[in-house]
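Heads up, the thing below is written out as structure tokens.
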């Protein structure tokens, strides 16, 4: 079974990353979610990566705050796409995690999205865009979602125009 793996650096990341899981559920995309720390459980993380790939993981999403090395560790263990979601877990409001996630060495890419909930949702959409390269049904769902978003903007604009003209 093909799926997306969501790896959280800590349980404190769950409330934000639930938006990622919810997005996959809304689109009918298989995923699994685990907690495994780059620093506190490196052997567990490496073992999980081997097992997840063997089970069919196609894309990995790593959510971590502060030093945020989780996405880099995952990238070092696979050639599958890695998407990093920086978490706001320190006095720096996630900027430290953003920089740790985005500043990868050449040849070890991690696609990095926004800090927090917007990043959680965007990570799901980016993973689905990757999967849609070989999945026409998912591609159609993503296109329909974009059209729905565009239609909402038109409706919102008509509402505002009505308020202004009255």
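Laboratory data are not the source of any read-out in this text; all were calculated from the coordinates shown. Bear in mind that the values here come from a model prediction, so they are computed numbers and not experimental data. Positions of Cβ are generated from backbone atoms using ideal geometry, with glycine treated the same way; all protein chains shown enter the neighbour counts.
Given springs between every Cα pair under 10 Å in a Gaussian network model of the chain, which of 12, 100, 123 has the largest fluctuation?
Comparing 12, 100, 123 in the GNM, the peak value goes to 12.
Sort 149-158, 57-66, 110-119, 132-141 by the packing proxy (mean of other Cβ within 10 Å over each peptide's residues), most packed first.
The packing order, highest mean first, is 57-66, 110-119, 132-141, 149-158.
Normalized C-alpha radius of gyration of the chain, against 2.2 N^0.38 Å?
1.14
Ranking 78, 45, 11 by Cβ neighbours within 10 Å, fewest first, what do you get?
The order, fewest Cβ neighbours first, is 11, 78, 45.
What's the angle, to the nearest 10 degrees (0 to 90), between helix 117-132's Cα axis and the longest principal axis of the chain?
In the chain, helix 117-132 runs at an angle near 80 degrees to the longest axis.
Starting with the highest mean, order 27-34, 92-99 by the number of other Cβ atoms within 10 Å, averaged over the residues of each peptide.
92-99, 27-34
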